[in-house]
Amino acid sequence: MWARSTAALLATLPVIAAPLGCSDNDCTDGCEDAFVLTVKTKDNTLPRGEYTLDVSLDGDEIHCAYSRTGEPETDSGYSYIDCDWRVSIVVHPTIECTQAMEGSSTSTSCNEVPGLFTRVVTFRGTPRRVDVTERRDGVLLGERSFAPQYETHDDSCGGSCTGDSQEWTLE
């Protein structure tokens with residue numbers, strides 16, 4: 001259980017950090033308000049195919065289509081899809097972490113799991129209602145409505161952003 005929850009958290013952190021914060025080295029851009037949705041399947045696979053993500057942000061419709069070839073677009077194994085200025089998707093390998101205790105110290109080791117993937121969808125702004133429908137090769141994978149519960153977070157640049165992060169497991 002710990003390994004799964006840590007993997008979900010670690011998989012989401014890089015994406016949450018990007019829209020919700022900034023680095024100490026670059027405080028000119030500040031941070032962005034966002035709702036971040038981690039999308040998984042029960043077995044964490046992401047078969048090849050033509051995917052569509054239809055989104056309604058407070059009634060404003062956005063259609064996103066992308067192909068999943070099975071090959072990563074970058075050396076890190078990440079794929080980046082910009083659907084619209086308000087919606088972006090990052091596909092990355094699933095990471096599992098294990099914790100070991102030796103005496104009074106604890107160590108954590110995290111590794112990619114070959115063949116398993118997670119998608120993180122970032123919705124910029126603070127929509128009150130987010131309706132999402134996903135299909136692969138025209139077949140419905142899932143649809144769900146979200147009502148984000150935003151919290152304000154301070155960033156390292158002295159500003160603050162409003163954000164929420166939720167997980168969605170497709171059937």
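The values are calculated or read from the model by the stated rules, or taken from the named source; none is laboratory data. All values derive from a computational prediction rather than experimental measurement. Please note: Cβ atoms are built from the backbone with ideal geometry, for glycine as well, and neighbour counts cover all protein chains shown.
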Hey, Ala18 modelled with pLDDT under 85, surrounded by fewer than 20 Cβ atoms within 10 Å (Cβ to Cβ) and not in a strand (DSSP E or B) or not: yes
Checking Thr38 against (1) touching a helix residue (DSSP H, G or I) at 6+ places or on another chain (Cβ under 7 Å); (2) at pLDDT 85 or above; (3) assigned to a loop (DSSP other than H, G, I, E, B), the condition it does not meet: (3)
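Could you tell me how many of the residues in segment 57-69 are of a type in the set (Gly, Ala, Ser) and assigned to a strand (DSSP E or B)? Talk me through it step by step, then tell me what you get.
Here is the first cut: in segment 57-69, the residues of a type in the set (Gly, Ala, Ser) are 59, 65, 67.
With assigned to a strand (DSSP E or B) added as a condition, the list becomes 65, 67.
Selection size over segment 57-69: 2.
For segment 103-124, enumerate the residues that are without any contact (Cβ under 8 Å) to a residue 60 or more places away in the chain and loosely packed, with under 13 Cβ neighbours inside 10 Å. Full working, then the answer.
Initial filter on segment 103-124 (without any contact (Cβ under 8 Å) to a residue 60 or more places away in the chain): 103-107, 109, 111-112, 114.
Across segment 103-124, the qualifying residues are Gly103, Ser104, Ser105, Thr106, Ser107, Ser109, Asn111, Pro114.
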Filtered residues of segment 116-156 (kept if more than 23 Å from Ala65 (Cβ to Cβ) and of a type outside the set (S, T, N, Q)): Leu116, Arg128, Ala147, Pro148, Tyr150, Glu151, His153, Asp154, Asp155
Residue selected from segment 39-61 under the condition more than 20 Å from Asp82 (Cα to Cα) and hydroxyl-bearing (Ser, Thr, Tyr), by the criterion surrounded by the most Cβ atoms within 10 Å (Cβ to Cβ): Thr41
Subset of segment 81-139 [in contact with a helix residue (DSSP H, G or I) (Cβ under 8 Å, 6 or more places away or on another chain) and either closer than 30 Å to Gly59 by Cβ or outside any strand (DSSP E or B) (or both)]: Val90, Thr118, Val120, Thr122, Arg124
Members of segment 41-56 that are assigned to a strand (DSSP E or B) and either out of contact with any Asp or Glu (no Cβ under 8 Å at 6 or more places or on another chain) or of a type in the set (Val, Ile, Thr) (or both): Thr41, Thr52, Val55
All positions within segment 120-143 that are closer than 13 Å to Gln166 by Cβ and within 16 Å of the chain's Cα centre (by Cα): Val120, Val121, Thr122, Phe123, Val130, Val132
Qualifying residues in segment 73-102 (those that are among the acidic types (Asp, Glu) and surrounded by fewer than 14 Cβ atoms within 10 Å (Cβ to Cβ)) - the one farthest from Val132 (Cα to Cα): Glu102
Tally of residues being surrounded by 15 or more Cβ atoms within 10 Å (Cβ to Cβ), assigned to a loop (DSSP other than H, G, I, E, B) and charged (D, E, K, R) across segment 147-171: 1
Filter pass, Glu96 being in contact (Cβ under 8 Å) with a residue 60 or more places away in the chain, within 12 Å of Val39 (Cα to Cα), touching a Leu at 6+ places or on another chain (Cβ under 9 Å) and not small (Gly, Ala, Ser): no
